Amino acid sequence: PQPNPQAGAAVKAADRAHVFHSWSAQELIDPLAVAGAEGSYFWDYDGNRYLDFTSGLVYTNIGYQHPKVVAAIQEQAATLTTFAPAFAVESRSEAARLIAERTPGDLDKIFFTNGGADAIEHAVRMARIHTGRPKVLTAYRSYHGGTQQAVNMTGDPRRWASDSGTAGVVHFWAPFLYRSRFYAETEQQECERALEHLETTIAFEGPGTIAAIVLETIPGTAGIMVPPRGYLAGVRDLCDRYGIVFVLDEVMAGFGRTGEWFAADLFEVTPDLMTFAKGVNSGYVPLGGVAISGEIAETFGKRPYPGGLTYSGHPLACAAAVATIKLMAEEGVVANASVVGAQVVEPGLRALAERHPSVGEVRGVGMFWALELVKNRETREPLVPYNAAGEANAPMAAFAAAAKAHGLWPFVNMNRTHVVPPCTLTEAEAKEGLAALDAALSMADEYTE
Ligand code: PLP
């Protein structure tokens with residue numbers, strides 16, 4: 001595409017005048033004006049093209065502008081752009097069927113929402129009514145969304161500003177061996193001690209007060225900590241013993257990200273409720289939802305479910321989901337995440353870790369990877385302090401700037417960079433991204449001791 005800096009300047013000026021951005025001090029941000037995107041790349045108005053290792057906010061699992069989904073949206077728009085949620089509509093029925101076919105166990109009923117946070121809101125509401133209990137247990141080092149209940153369930157600093165203490169949430173520590181809260185030295189110790197900690201938390205909170213335990217199957221924004229074998233099965237067991245609803249949040253980890261349709265498939269666990277969004281239609285039109293077990297669906301068999309949304313199961317979003325799921329199956333997108341992840345991305349990242357002292361740990365699976373950047377590999381001191389801003393965050397800012405200068409758009413959160421490209425990433429694109437990361441990590445190395 002031809003550069004057009006004038007058009008870019010107009011887009012930017014209107015943004016700066018009128019758009020109020022998420023999670024930001026409005027005067028301190030400088031959003032890039034984007035002119036277009038296709039596949040794994042996007043470009044600005046000045047002629048710069050970037051390989052997107054963020055998949056937007058980890059949601060464009062099929063890349064940008066996939067022609068089959070664009071066509072399905074156009075066709076649905078021409079046929080029936082919208083229709084109220086109380087009616088049976090073809091694209092909604094079909095999306096629910098395709099999702100239910102893929103969700104584990106008997107999660108066969110789908111409640112559609114507009115995104116991930118409201119999926120979490122509704123999962124919690126279902127669990128509370130199903131159990132008649134008030135509280136929810138969630139992990140520190142988690143993200144569940146920006147609405148009041150979901151942000152209070154979140155275990156990162158984004159909660160603090162909205163924490164009224166009235167959301168009925170109790171946080172616990174999930175396993176994370178690299179920064180173990182349990183003085184564990186092996187994955188097995190971490191697993192056993194994290195389960196023991198959770199059971200003690202349940203005992204002291206009072207099992208009869210706990211409606212749900214909500215976990216990201218693999219925590220995403222908080223650092224892509226793949227849980228040790230046996231952990232999620234152990235949580236499933238605790239939930240069964242204490243009559244607690246087990247909710248897995250697959251908003252980020254679902255729909256191919258881990259090289260399986262759902263991360264739950266990696267661990268062979270079936271929750272009672274599963275939330276999804278993002279990858280369900282690669283975010284081409286906003287859509288999320290809750291997959292519901294037979295038992296919980298039955299609670300609302302004769303008794304009305306007290307919740308709903310004007311756009312629940314929006315036909316345009318559902319048509320995008322139908323096309324996305326079908327093409328992911330036809331084109332082997334989930335298998336691609338697994339194969340390119342295991343054969344190119346993982347070995348490439350491990351080779352970078354050997355060369356760069358700033359890389360403390362490489363962890364992940366499929367197209368879902370984190371590099372933990374450290375000042376010192378021995379002490380594991382993070383490259384920047386927890387929740388650093390301004391000057392204290394300079395090393396990560398320098399890393400990100402170096403990546404961009406090499407044509408790579410990186411995902412950066414605290415002292416980590418996440419490698420979360422589209423699940424359609426080719427081997428050549430993976431190698432291009434790894435080479436840019438190599439250069440950017442040399443910048444990070446300069447801040448090591
Ligand atoms: N849950 C998880 C695991 C997420 O990663 C996110 C978003 O990043 C959400 C929930 C919230 O989703 P949304 O931003 O669509 O509300």
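What to note about this one:
- Some residue of segment 349-362 being touching a Gly at 6+ places or on another chain (Cβ under 7 Å), of a type in the set (A, V, I, L, M, F, W, C) and outside the structural domain of Phe83 (by TED's automatic domain parsing): no
- Of the residues Arg241, Arg303, Arg257, the single one that is in a loop (DSSP other than H, G, I, E, B) and free of Cβ contacts under 8 Å to residues at least 12 places away in the same chain is Arg303.
So that you can scan it fast, the table gives a plain yes or no per residue for (1) within 16 Å of the ligand (Cβ to nearest atom); (2) closer than 27 Å to Thr209 by Cβ; (3) touching a Gly at 6+ places or on another chain (Cβ under 7 Å); (4) assigned by TED's automatic domain parsing to the domain that holds Val280:
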position: Arg49; (1), (2), (3), (4): no, no, yes, no
position: Gln76; (1), (2), (3), (4): no, no, no, yes
position: Thr79; (1), (2), (3), (4): no, no, no, yes
position: Pro85; (1), (2), (3), (4): no, no, yes, yes
position: Ala88; (1), (2), (3), (4): no, no, no, yes
position: Pro104; (1), (2), (3), (4): no, no, no, yes
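- Counting only residues that are within 21 Å of Pro227 (Cβ to Cβ) and either in a loop (DSSP other than H, G, I, E, B) or not β-branched (Val, Ile, Thr) (or both), segment 128-146 holds 8 of them.
- So Asp118, is it more than 16 Å from the ligand (Cβ to nearest atom) and at pLDDT 95 or above: no
- Every residue from segment 122-151 that is without any contact (Cβ under 8 Å) to a residue 60 or more places away in the chain and either under 27 Å from Ser282 (Cβ atoms) or within 8 Å of the ligand (Cβ to nearest atom) (or both): Thr147, Gln149, Ala150, Val151
- Of the criteria (1) farther than 23 Å from Ala403 by Cα; (2) surrounded by 13 or more Cβ atoms within 10 Å (Cβ to Cβ), which one Phe42 fails: (1)
- Whichever residue in segment 58-74 is away from the ligand (no atom under 16 Å from the Cβ) and β-branched (Val, Ile, Thr) and, among such residues, is farthest from Glu331 (Cα to Cα): Ile73
- The number of residues in segment 152-173 being assigned to a loop (DSSP other than H, G, I, E, B) and more than 13 Å from the ligand (Cβ to nearest atom) comes to 7.
- Residue tally, condition small (Gly, Ala, Ser) and either in a helix (DSSP H, G or I) or surrounded by fewer than 20 Cβ atoms within 10 Å (Cβ to Cβ) (or both), over segment 281-300: 2
- Leading residue by the ranking (farthest from the ligand (Cβ to nearest atom)) among those in segment 245-283 that are of a type in the set (A, V, I, L, M) and under 18 Å from Gly56 (Cα atoms): Val280
- Counting the residues of segment 387-413 that are touching a residue at least 40 places away in the same chain (Cβ under 8 Å) and farther than 15 Å from Glu446 by Cα gives 8.
- Criterion applied to Thr166, Thr147, Thr154, Thr186 was being surrounded by 21 or more Cβ atoms within 10 Å (Cβ to Cβ) and in the same structural domain as Val235 (by TED's automatic domain parsing), and the one residue passing it is Thr154.
- Filtered residue count, segment 23-49, keeping only those that are within 30 Å of Glu429 (Cα to Cα) and not in a strand (DSSP E or B): 10
- Which listed residue is away from the ligand (no atom under 15 Å from the Cβ), assigned by TED's automatic domain parsing to the domain that holds Glu187, at pLDDT 95 or above and closer than 19 Å to Ala123 by Cα, from Tyr242, Tyr231: Tyr242
- Selected residue (criterion: nearest to Thr138 (Cα to Cα)) from residues of segment 185-206 that are of a type in the set (Gly, Ala, Ser) and assigned to a helix (DSSP H, G or I): Ala194
The values are calculated or read from the model by the stated rules, or taken from the named source; none is laboratory data. Remember, it's a predicted structure, so these values are computed and weren't measured experimentally. We place every Cβ from the backbone using ideal geometry, glycine too, and count neighbours over all the protein chains shown.
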